[in-house]
Amino acid sequence: MAKTHRKLTPVELLKKFIFITAGAILMAVALEVFLVPNDIIDGGITGISIVLSKITALPLGIFLFIINLPFLFLGYKQIGKTFAISTLYGIVVMSVTTQLLHHVSPFTNEKILAVLFGGLILGLGVGLVIRFGGSLDGTEIVAILLSKKTRIPVGQIIMIMNVFIFIIAGFVFGWDSAMYSIFTYYMASKVMDIVVEGLNESKSVTIISSEYEEISQTIQDRLGRTTTFIYARGGYSREDTQMIYCVVTRLELAKLKSVVQEIDPKAFIAIEHVSDVLGGNFEKSAIH
């Protein structure tokens, strides 16, 4: 029988509340103090809201809240109640903060500085909210649903939607602003990835070699990393063997490859990116 949903502890709830609040405020600051006064937009629902605010002269916060509501309902249906509540709270905080900052003078009128600092703060804010279980833009939810229907990757759908948004921005704000907006979006997305995935990038390594016992022991002795054996059978040789699986940091990768090739120059090594590592025994053992 499936286990019931585990409720968050008071400490976890407080942590979630603090970081989603901080992320939503940071995004509002990036929009109202750096980007919007310099006619620079973000992608997704935020970009559409900025364009509509420019055309109608209505406050940005109103559009951010209203346009995101239908996608919030979809998020509740597709992802769950906790996500929907976290997202609703983040959007409310962001919308209210943009309204409070609407008449604040821009921090800079230099567009390059606005792109750099606005993109940095925007990516940091969005990344914090996503990392702690919420969202500030309904575009990703739409992309996930369309991807299920069309089999087009989520990333490509988001890119196509943003291309149309930036083209519209070109007509409304001018083509220079549209090009600045593209760079802002790119920079914010990279910062967001760092915040969500963390700076300590890890790699998973799968090794196939007849010398699996020696390789495994050497990895533990010289890198201080534990390994796992996975039973395998050669498709061509039909012989039983053991694959070695381990997770190392990016800085340890070159040493691991060197260790394996010293023992078996013909060993098969497959390396994959790991977004996050949770549980297990990933602590590095002493090697000296």
- Kindly express, to the nearest 10 degrees and within the range 0 to 90, the angle between helix 44-56's C-alpha long axis and the longest C-alpha principal axis of the chain. 10
- Task: Note the full-extension length gain between Ile62 and Leu253 as 0.36 nm times their separation in residues minus their Cα-Cα distance, in nm to one decimal.
- Result: 63.9 nm
- Note on the structure: If unit charges are put on Cβ atoms (+1 for Lys and Arg, -1 for Asp and Glu) and the dipole of the chain is taken about its Cα centre, the option from Thr97, Ser210, Val274 lying farthest towards the positive end turns out to be Thr97
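Summing -39500 (n - 2.57) over the DSSP H runs of n ≥ 4 in the chain and dividing by its residue number, what mean residue ellipticity at 222 nm do you reach, to the nearest 500 deg cm²/dmol?
Working: 10 runs with 171 residues, N = 288.
Mean residue ellipticity at 222 nm (helix-derived): -20000 deg cm²/dmol.
How long is the gain from Arg222 to Lys7 if the chain were fully straight, where each residue apart is worth 0.36 nm and the alpha carbon distance is subtracted? Don't skip to the end; give the middle numbers.
Values: separation 215, 0.36 × 215 = 77.40 nm, distance 4.15 nm.
Gain in length upon complete extension: 73.3 nm.
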- Message: As a quick test, which of the pairs Lys7/Lys77; Lys203/Lys255; Lys16/Lys81; Lys16/Lys203 have an alpha carbon distance above 23 angstrom in this structure?
- Response: Lys16/Lys203
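Compute the longest continuous run of the chain that contains no exposed trypsin sites (Lys or Arg not before Pro); treat a site as exposed when its DSSP state is not H, G, I, E or B and it has at most 11 other Cβ atoms within 10 Å. If you can, show how the numbers build up before the last one.
Working: sites that count: Lys3, Arg6, Lys7, Arg151, Arg238, Lys266.
It runs 8-150.
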- Amide H neighbours of Thr226 under 5 Å, counting only residues 5+ apart in sequence or on other chains, H built in-plane at 1.01 Å? none
- Near Thr218, within a Cβ-to-Cβ distance under 14 Å, what is the net charge of the other residues, with Lys and Arg +1 and Asp and Glu -1? -3
- Note on the structure: Per the charge dipole of segment 119-220 (beta-carbon charges, Lys/Arg positive, Asp/Glu negative, Cα centre), the residue among Gly119, Gly134, Phe164 reaching farthest to the positive end is Phe164
- Note on the structure: Glu239 and Tyr186 label points (each 7 Å along its Cα→Cβ direction) are spaced in nm at 4.9
- Expressed as an acute angle from 0 to 90° and rounded to the nearest 10, what is the orientation of the C-alpha long axis of helix 212-223 relative to the principal long axis of the chain? 60
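No lab work stands behind these numbers, since they all come straight from the coordinates. What you are looking at is a predicted structure, and each value in this text was computed from that prediction instead of being measured. No Cβ is skipped: glycine too gets one built from the backbone with ideal geometry, and neighbour counts run over all protein chains shown.
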